[in-house]
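Working notes, beginning with the structure itself.
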Amino acid sequence: MNAEKLRVDKYLWAIRIFKTRTQAADAIAAGKVKSNGLDIKASKPVSIADRFEIKTEARKWIIEVTGLLHQRVQYAEAINYYVDLTPEEEIIKKADSAFIDYTGKRQSKQGRPTKKNRRELGDAFGV
């Protein structure tokens, strides 16, 4: 594979904006990823200094490519391959939300109690 060619969907997956390449490709097809304000295709080649505007469920991103990354790596290393240019008010506005983002895991003290919690409740009420 030529080191100079890298697809947008693979790049966004590698820098951990999206969890899977399929999610990245679907977001691109839905028009949630733009380059210079224009819709792009998942197969568009990425080059250094490209800017992308990305809308995910979690937040809005504006990033500039600083390096090409062909494989998914740890977050601490992945952040070296782009610069986050998102305005501070966008990040703060999302953080001020009263709702917690859905992560797929049960939040502590919310929802149905676990078996351990039910046993503890039963002990407390003498059942």
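What follows is calculated from the coordinates using simple rules that are stated; it is not laboratory data. As the structure is a prediction and not an experimental result, all values here were calculated from the model. We place every Cβ from the backbone using ideal geometry, glycine too, and count neighbours over all the protein chains shown.
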Q: Can you pull the one-decimal nm distance between simple spin-label points at Lys41 and Arg119, each 7 Å off the Cα toward Cβ?
A: 5.9
**Q.** Distance violations [Cα-Cα > 32 Å] among Lys5/Lys60; Lys60/Lys116; Lys55/Lys116
**A.** Lys60/Lys116; Lys55/Lys116
Q) Please state the relative contact order of segment 8-101 as a whole percent: Cα pairs under 8 Å, 6+ residues apart? A) 25
(Q) Suppose each label sits 7 Å from its Cα in the direction of the beta carbon; what would the Lys5-Arg51 distance come out to in nanometres? (A) 2.8
Q | Summed residue charge, Cβ within 10 Å of Asn36's Cβ, Lys/Arg positive, Asp/Glu negative | A | 0
(Q) Can you return the aspartates and glutamates within cross-link range of Lys10? Criterion is Cα-Cα under 14 Å, with same-chain partners fewer than 8 residues away left out. (A) Asp26
Q. Could the peptides 78-89, 42-53, 7-18 be put in order, highest first, of the mean number of other beta-carbon atoms found within 10 Å of their residues?
A. 7-18, 42-53, 78-89
